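So the structure is just underneath, and the comments pick up after that.
Nothing in this text is a laboratory measurement; each read-out follows from the coordinates by a stated rule. A quick note: this is a predicted structure, and the numbers were derived from the prediction, not measured. Neighbour counts run over all protein chains shown; Cβ positions are idealised from the backbone, glycine included.
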Amino acid sequence: ISKEPIFFTTQPDHIVYDNELPQIKYYVNFTYDTTDAVYLSYLRSNLNWKTRYQLNLFENSKPATLIAMADIRNDGQSRIDIESAELLGGDINLEKYQKTHYMAVSYAKSESTYADMAPGAAGPPPPPSVGKGEELSGLYVFSINQPFSIDGKTNYLLPMFRPRVTVERYASISKHFYSAGNVNGKADRAYRLSPDRFLSRGNCIIRESDRLVGETSLPDVAAKNKHEFSIGQDADIVYKENSTLVSSYTTNTTSSPYGPKQSRTQSIYDVVLTLKNYKNRPVKVEYQQQVYGQSVKLIKTSNSNYTQEGSTIKATFTLASDEEKSISYKFELVN
């Protein structure tokens, strides 16, 4: 055997040490000659949070309930002990980091936790809860005033507020007009939600009579504001729409004495909408059609169901059980 030393080249993560290597620590001292308060803050990209909701709906007169949970994520390798924290909800922009679905957390580090208690002491305290949100310059602050710990690569769920919400169910038909022709389809299962307090954006599970029926993403919703969403089609509510070109003529105009000639086409369309409810109960149907053009005008008819908002034509109907209904309207389109 050679007495010369033998050297091997290997990757750092392939080496096993008998004793744990010492970790390098950095200490920074700040000295200020001032009577003003001095604050030191820094960002940790590995600690974030988001809101999770569960919306429970019922068939009878029992009111809807919305359960909110704070999902705090420690994406680092080591445990973080937190003495108190503030969860910030709203539209937060940080230039250095990419904007993600998670939102910011500010916290104070705890010097000790229940894991450091002496043997024979009482068990761990109950999990903390998240306080009611308070508005701050367009954002909302949710306070946590009890200590807790989050292990590395772990999600920590905390109960939040229990807002009061009103939820309206309806069938939604939302479409765009392109040209004359026949179109058929199914209505969407739609909901209109209004909370009594601010809701930070987050994922929401929807349950009807304790059964999972869908999932949606809620945006930031202001108190008493309304948010509309749909979670899929309703096979029992179908529609057929027949659009016919009634008349059309084109004129040439000039934008200025020296400008080029421009053509302007004015068309009138007749639309017949047929709705069918296959359910054994009445349903509310909300219809809207977006019409694109230079000018859109709903031609008044004896049917008062239809209204116009900008370039959108809207109507609301109530269909009885197993009822079929046909309703027509006309509009003028200028391109």
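Pair-distance distribution of region 158-219: all C-alpha pairs, bin width 10 Å, starting at 0; shares per bin in whole percent are 15, 41, 25, 14, 4, 1. Within the shell defined by Cβ-Cβ distances under 15 Å, the residues around THR307 carry a net charge of +2, with Lys and Arg each +1 and Asp and Glu each -1.
Kindly provide the trypsin sites (Lys or Arg not before Pro) of region 203-299 that DSSP labels as loop, not H, G, I, E or B, and whose Cβ sees at most 13 other Cβ atoms within 10 Å.
Working: sites: ARG207, ARG211, LYS224, LYS226, LYS240, LYS261, ARG264, LYS276, LYS279, LYS284, LYS297; in loops: LYS224, LYS226, LYS279.
Passing sites in region 203-299 are LYS224, LYS226.
Please get the size of the charge dipole for the chain, origin at its Cα centre, with Cβ charges of +1 on Lys and Arg and -1 on Asp and Glu, quoted in debye to the nearest 20.
On the way: 38 positive and 37 negative charges, 326 e Å.
Computed charge dipole of the chain: roughly 1560 debye.
Residues considered: PHE177, PHE148, PHE229. Largest GNM mean-square fluctuation over the chain, using C-alpha springs under 10 Å, is found at PHE177. Residue ranges 56-69, 186-199 sort as 186-199, 56-69 when ordered by packing (mean number of other C-beta atoms within 10 Å per residue, highest first). Simple rule: put +1 on each Lys or Arg Cβ and -1 on each Asp or Glu Cβ in the chain, find the dipole, and look at THR34, PHE198, VAL130; the Cα lying farthest toward the positive end is PHE198. For region 1-77, the ratio of Cα radius of gyration to the globular rule of thumb 2.2 N^0.38 Å stands at 2.41.
Calculate the tail of P(r) for region 190-335: the fraction of all Cα-Cα distances greater than 25 Å, expressed in %. Distances greater than 25 Å cover 51 percent of the Cα pairs.
Placing unit charges on C-beta atoms (Lys and Arg positive, Asp and Glu negative, everything else neutral), compute the dipole magnitude of region 152-307 about its Cα centre in debye, rounded to 20. Mind showing how you got there, number by number?
On the way: 23 positive and 13 negative charges, 48 e Å.
Dipole magnitude for region 152-307 comes out near 240 debye.
Of all the C-alpha pairs in the chain, what % are more than 34 Å from each other? The partial results should precede the final answer.
Details: 29962 of 55945 pairs.
Every Cα pair in the chain considered, those over 34 Å come to 54 percent.
Between HIS176 and THR274, the simple spin-label model (points 7 angstrom out along Cα→Cβ) gives 2.7 nm.
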